[in-house]
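Visitor: Have a look at this one.
Just so it is clear, none of the values below were taken in a lab; they were calculated from the coordinates. Quick caveat: nothing in here was measured; it's all calculated off a predicted structure. For neighbour counting, all protein chains shown are included, and Cβ atoms are generated from backbone atoms with ideal geometry for every residue, glycine included.
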Amino acid sequence: MDRRSVLIVLANPEPTSFCHALTHAGRTALEAAGHEVMLSDLYAMGFNPVAGRHDFDGAADPERFHYQSEQARAARLGAFSAEIAGEQRKVAAADILVLVFPLWWGGAPAILKGWFERVLAYGFAYVDGYRFDTGLFRGRRAVFAVTTGGTPARFSEEGVYGPIEDVLMPVRRLGLEYMGYEVSEPFVAYAAPRVAPEVRGDYLAAFAARLVEVAALPVAPVRSDTHPLDLSSDAAWTRAG
Ligand SMILES: Cc1cc2nc3c(=O)[nH]c(=O)nc-3n(C[C@H](O)[C@H](O)[C@H](O)COP(=O)(O)OP(=O)(O)OC[C@H]3O[C@@H](n4cnc5c(N)ncnc54)[C@H](O)[C@@H]3O)c2cc1C
């Protein structure tokens, strides 16, 4: 079996949380199966989710801050801050990207949203004309695990929150699939704080099994150059969106 490189991005502030337990179970199972696991525990790292000029060395325009233009320049010149460049190196090296987070106000905690905005930068994670089927990360796989307070009934068609697939669509479709990842069905630990301990045990076992299963699937070889485009050409990034 091929050895995969896996990056787990964890966004929960409490080390004894169920998100941490899922991360630990997944990591242990992957390593036991011979895979390499990198971890970005965002709260433990003190990751700053706020975008700004501190993301870059230098500026394309010191007068007016246009985020995607600054990201494009930094991608071209290798001018991201050390914090962002370090995370980008991990993303670039990973065959499989795994996100683990609690559902907060119907989406990812702000720290993870900020990780998307800052790390998955224009010029690094996407460029004009290269999205979805032509996304820069096509050939790689992504999995995400979400814990909820709400029960499955609340996330049903008739439930007050609506189907979980709809709730998670922004992360899946507008984030991971946008970059070209092949995304497996979201793993949802419904009502994690309310269910019986045995159910939480089942969640941990099922998530560990899911990750090992995904790691056994084929992936396209990780590129050493994450920018297959000629980024020295302005045309590649002048129309960001
Ligand atoms: C700001 C905010 C917004 C929210 N918005 C929403 C929302 O929109 N929709 C919604 O449904 N919910 C919402 N919630 C609830 C939230 O999604 C849940 O509280 C969260 O998903 C629970 O996951 P956790 O990792 O924090 O688990 P925890 O609450 O930390 O843990 C759950 C249980 O698992 C136990 N546990 C820990 N480790 C293990 C282990 N190894 N084995 C077995 N059990 C273990 C813990 O002791 C605890 O009993 C919100 C909460 C907050 C704070």
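Visitor: Take the alpha-carbon centre of segment 29-94, take the same for segment 123-168, and report the distance between them in whole Å.
Guide: Going from one Cα centre to the other spans 21 Å.
Visitor: Another one. Testing the spin-label approximation: label points 7 Å from Cα along Cα→Cβ at Glu158 and Asp57. State their distance in nm.
Guide: About 6.0 nm, to one decimal.
Visitor: Still on this structure, please answer the following. Beyond 25 Å, what percent of the Cα pairs of segment 5-236 remain?
Guide: The calculated P(r) of segment 5-236 puts 42 percent of pairs beyond 25 Å.
Visitor: On to the next question. Within a 10 angstrom radius of the beta carbon, how do His66, His35 rank from fewest other beta carbons to most?
Guide: His66, His35
Visitor: For Ala82 and Glu198, compute 0.36 nm times the residue count separating them, minus their Cα-Cα distance, and round to one decimal in nm.
Guide: Full-extension gain reported as 37.5 nm.
Visitor: Okay, next question. Between Glu165 and Phe132, what is the label-point separation in nm under the 7 Å Cα-to-beta-carbon projection?
Guide: Placing both labels 7 Å along Cα→Cβ, they lie 1.6 nm apart.
Visitor: If you don't mind, there's one more thing I want to ask. Quick one: give the max-minus-min coordinate of the C-alpha atoms of segment 119-219 along each principal axis, largest first, in Å.
Guide: Computed over segment 119-219, the largest-to-smallest principal extents equal 46, 32, 23 Å.
Visitor: Next question. Once the Cα atoms of helix 110-119 and of the chain are each reduced to a long axis, what angle between those two axes, in degrees from 0 to 90 to the nearest 10, is obtained?
Guide: Helix 110-119 and the main axis of the chain meet at about 30 degrees.
Visitor: For segment 5-236, what relative contact order do you get, as a whole percent, if you take Cα pairs closer than 8 Å and at least 6 residues apart?
Guide: Dividing the mean separation by the residue count of segment 5-236 yields 25 percent.
Visitor: Quick one: what does P(r) look like for segment 1-125 with 10 Å bins over all Cα pairs, in whole %?
Guide: The calculated distribution, bin by bin, is 13, 39, 31, 14, 3, 0.
Visitor: Continuing with the same structure: Compute the angle between helix 18-32 and the longest alpha-carbon principal axis of the chain, please, reported from 0 to 90 degrees and rounded to the nearest 10.
Guide: 80 degrees
Visitor: Obtain the nm distance between the two label points defined at Arg89 and Glu185 by a simple spin-label model: each point lies 7 Å from its Cα along the Cα-to-C-beta direction.
Guide: 3.8 nm
Visitor: Beta carbons within 10 angstrom, averaged per residue: use that to sort the peptides 41-52, 97-108, 81-92, highest first.
Guide: 97-108, 81-92, 41-52
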